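Report on the structure given below.
The values are calculated or read from the model by the stated rules, or taken from the named source; none is laboratory data. Note that the structure is predicted; figures quoted are calculated from it, not measured. Quick reminder, even Gly has a Cβ in these numbers, built from the backbone with ideal geometry, and neighbours come from all protein chains shown.
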Amino acid sequence: MKITFPKIGLRTIKTAIAVFSCLLFFPNEPFFACLTTVFCVQDTVTNSVTIAINRGLGTILGAVIGLLFLIVCRFFTYNINVFIISKFLVYITISIGIIVVIYICNLIKKPGAINISCIAFLAVTTVHAFGNPIYYATNRIIETLFGILVGLLVNKFILPPKEKIHTEK
C-alpha cells in the first residue's frame, strides 16, 4: 500500500510568506496581523478583497463601538456603589452593544462583517475593559489593517491566482 501525501500548494506558500512578513513588522504582538493575513490569502484576489473588506470594516466598527459602550459601562461602575447592580447594568449595556453592532453591520449591508465586529466589540468591552482599551482597540485596528494589506499584496503580486470565470448555463 502506497501512501501519498498532498502537495504543498502555492496558496500555502503565499500564506506562509504573508505571515512571515507580519512577524517581521510586529515582532512583539503579531497575532492579529498574522491571523488577518491568513484569512486574506484566498483562492482568488476577488475573494481576498471581499474577506479583507469584511475583516477591516468589522474590526474598526467593533472596536470603535466597543470603546463608546465602554465609556457607558465605566459610568455605571464608577457612579453606582452597589456592585451587583453595577455589574448587571454593565452586562445589559454590553448585550445592547451587540445588538447595535449587528444592526449597524446590517444597516450598511455588510453582514459578512458581523462576526468579526462582535468579536472586536466583546474584546474591547470584556477582555480589555480594565486595562487600556484605547491602546488595545488602536493596536488591533492597525495590526488588522496591516495583515489585510500584506495578504492582499502577496496574493495579488506573488503568482496571482487565476480568477474564476462564471458562465451562465
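Being closer than 20 Å to residue 9 by Cβ and either out of contact with any helix residue (DSSP H, G or I) (no Cβ under 8 Å at 6 or more places or on another chain) or not in a loop (DSSP other than H, G, I, E, B) (or both) is the filter here, so list the residues in region 36-52 that pass it. Hits for region 36-52 are 37, 38, 39, 40, 44, 45, 46, 47, 48, 51. Checking residue 131 against (1) assigned to a loop (DSSP other than H, G, I, E, B); (2) surrounded by 18 or more Cβ atoms within 10 Å (Cβ to Cβ); (3) among the small types (Gly, Ala, Ser), only one condition comes out false. Which one? So the condition that residue 131 fails would be (2).
Is it fair to say residue 34 is more than 10 Å from residue 144 (Cα to Cα) and buried (at least 19 other Cβ atoms within 10 Å of the Cβ)? Answer is no for this residue. Applying the set (1) closer than 30 Å to residue 11 by Cβ; (2) outside any helix (DSSP H, G or I) to residue 147 leaves exactly one unmet item: (2).
Just wondering, is there one or more residues in region 107-118 that are in contact (Cβ under 8 Å) with a residue 60 or more places away in the chain, surrounded by fewer than 20 Cβ atoms within 10 Å (Cβ to Cβ), among the small types (Gly, Ala, Ser) and touching a helix residue (DSSP H, G or I) at 6+ places or on another chain (Cβ under 8 Å)? For region 107-118, residues in contact (Cβ under 8 Å) with a residue 60 or more places away in the chain, surrounded by fewer than 20 Cβ atoms within 10 Å (Cβ to Cβ), among the small types (Gly, Ala, Ser) and touching a helix residue (DSSP H, G or I) at 6+ places or on another chain (Cβ under 8 Å): present. Taking the numbered list (1) surrounded by fewer than 20 Cβ atoms within 10 Å (Cβ to Cβ); (2) within 30 Å of residue 162 (Cα to Cα); (3) out of contact with any Asp or Glu (no Cβ under 9 Å at 6 or more places or on another chain) in turn, residue 79 passes all entries but (2).
Please tell me if residue 4 is over 20 Å from the mean Cα position of the chain (by Cα), polar (S, T, N, Q) and part of a helix (DSSP H, G or I). No.
Filtering 68, 89, 61 for residues that are modelled with pLDDT under 95 and under 24 Å from the mean Cα position of the chain (by Cα) leaves a single hit, 68.
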